[in-house]
């Protein structure tokens, strides 16, 4: 069953995040995932303020765990954390 990463970023270094994305998205693809939604100005409806959000679909939660634990992703996680405040959750697909 597919699983989804929901990522909410408060970016303070856009150049670093753009560089991060060029490196992280190929790793997502290698893990069987794909970017399905990205919005720099999400429509705020109730109780959630955000400036940059994205949703990534992966084959399952284990693929997400493996991606986040991979040695290839580790330096990118550090880069993302230095460039933005991140809130990330994983959800099972319906």
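Quick note: the coordinates plus some simple rules give every number you see, no bench work behind them. Model, not experiment: these values are computed from the prediction. Positions of Cβ are generated from backbone atoms using ideal geometry, with glycine treated the same way; all protein chains shown enter the neighbour counts.
Residues that are part of a helix (DSSP H, G or I) and exposed (fewer than 14 other Cβ atoms within 10 Å of the Cβ) within segment 24-35 comprise 26, 29, 30, listed in sequence order. Under the condition of being closer than 18 Å to residue 58 by Cβ and in contact with a strand residue (DSSP E or B) (Cβ under 9 Å, 6 or more places away or on another chain), the residues counted in segment 30-48 number 8.
Could you list, in sequence order, the residues of segment 55-94 that are in a loop (DSSP other than H, G, I, E, B) and touching a residue at least 12 places away in the same chain (Cβ under 8 Å)? Selection gives 59, 60, 70, 72, 73, 93. Scan segment 1-22 for residues that are in a helix (DSSP H, G or I) and surrounded by 14 or more Cβ atoms within 10 Å (Cβ to Cβ) and the total you get is 5.
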